[in-house]
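Below is one structure, written out as structure tokens; comments come after it.
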Amino acid sequence: MRSGFAAAEGAVIVSGFRQGLTFALAAISRSGIRRIALEDPGPREHDVIARRAGLDAVPVRVDSEGVDVEHLRSSGARAVLVTPAHQCPTGVALAPARRRALLTWANEVDGVILEDDYDAEFRYDRQPVGSLQGLDPDRVIALGSVSKTLAPAIRLGWVLAPRRFVPGIVEEKRLSTRGAPALDQEALALLMETGRYDRHLRRMRDTYRARRDVLAAEVECTFGPGRLEGLAAGCHALLRLPDDASEAAVAEAAAARGVRVNPLGRYRFGEPDAAAHVDPLPPALVIGFGNVDEERIRRGIRVIDRIVRSLSPGTRR
Ligand SMILES: Cc1ncc(COP(=O)(O)O)c(C=O)c1O
């Protein structure tokens, strides 16, 4: 975990980010908050989870500096869920001025920021940036897990919450699971106390940096400069396609050749029908490189290049 503020009484151990989010949303909903803004584009299904918690979920724009705080201000929401370290899926790291503006907004509306501390440990161009939660522990609920740092199968995560939300989150946990796996927690604690967790993070950062460098070089050589975005952190990046390309057709053809990438449109807010009514984003592919070795990265980009060039104008949008 990065420089945040963690006191034992504000920390709740959960089975991964997703479960922490579910509990936190239920707790803020029961505290009287009615509307939450979700990054658009953003991770899928969070709107469904928010609605199940009784919240009205609305989209908020993301641009080249991260979440658009002016848009958020006009949304009427008193809660927002953000991925500041490495926006999912655009890969933008929230700009310093936006970080300050976001905290100001939360204080203005007596609101709360849910910080998905996703990909924070893997920053390549500089030291990891401190968490938002560390800047304002009374306005931010930080949610983290070991899914990206160790493995998603471990199902361990944490929620660091302002004091007023802790009883509600603990109650959700007690009612739905009674507890997170204790033996796994003991093993993780041992990894952390002995310094092996930190050593693992340093090793993986080097591995991912090497894969990212291969991806960047291959894309530049194949598609030219400036096509890849979101490389400062994490294990995925955004490949901008030519304006007339159909990202869905390219992703489908790539999958048929064993190369799995996601069209950016898959991260649009709401149901597919509703997404048809929002402003289109330029075509792009979300490319994960965390679990792909360097040779497969090179091959994958060559496959995508061939597909983009072979698509007839009829299948381009
Ligand atoms: C945006 C985002 N946040 C967090 C996570 C981690 O979720 P979990 O801890 O439930 O595995 C993921 C998993 O892929 C993710 O896509």
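Scanning the stretch 149-162 for residues that are in a loop (DSSP other than H, G, I, E, B) and small (Gly, Ala, Ser), we see that the one that is nearest to the ligand (Cβ to nearest atom) is Ala151.
Consider the stretch 120-148 and keep the residues that are β-branched (Val, Ile, Thr) and modelled with pLDDT of 95 or more. The one that is nearest to the ligand (Cβ to nearest atom) is Val146. In the stretch 107-118 there is at least one residue matching the filter, namely being at pLDDT below 95 and touching a Ser or Thr at 6+ places or on another chain (Cβ under 9 Å). Scanning for something of a type in the set (Phe, Trp, Tyr), in contact with a Cys (Cβ under 9 Å, 6 or more places away or on another chain) and assigned by TED's automatic domain parsing to the domain that holds Ala187, does the stretch 113-124 turn up at least one residue? Among the residues of the stretch 113-124, at least one is of a type in the set (Phe, Trp, Tyr), in contact with a Cys (Cβ under 9 Å, 6 or more places away or on another chain) and assigned by TED's automatic domain parsing to the domain that holds Ala187, which makes the answer yes.
The values are calculated or read from the model by the stated rules, or taken from the named source; none is laboratory data. Predicted, not measured: the structure shown is a model, and the values here were computed from it. Neighbour counts run over all protein chains shown; Cβ positions are idealised from the backbone, glycine included.
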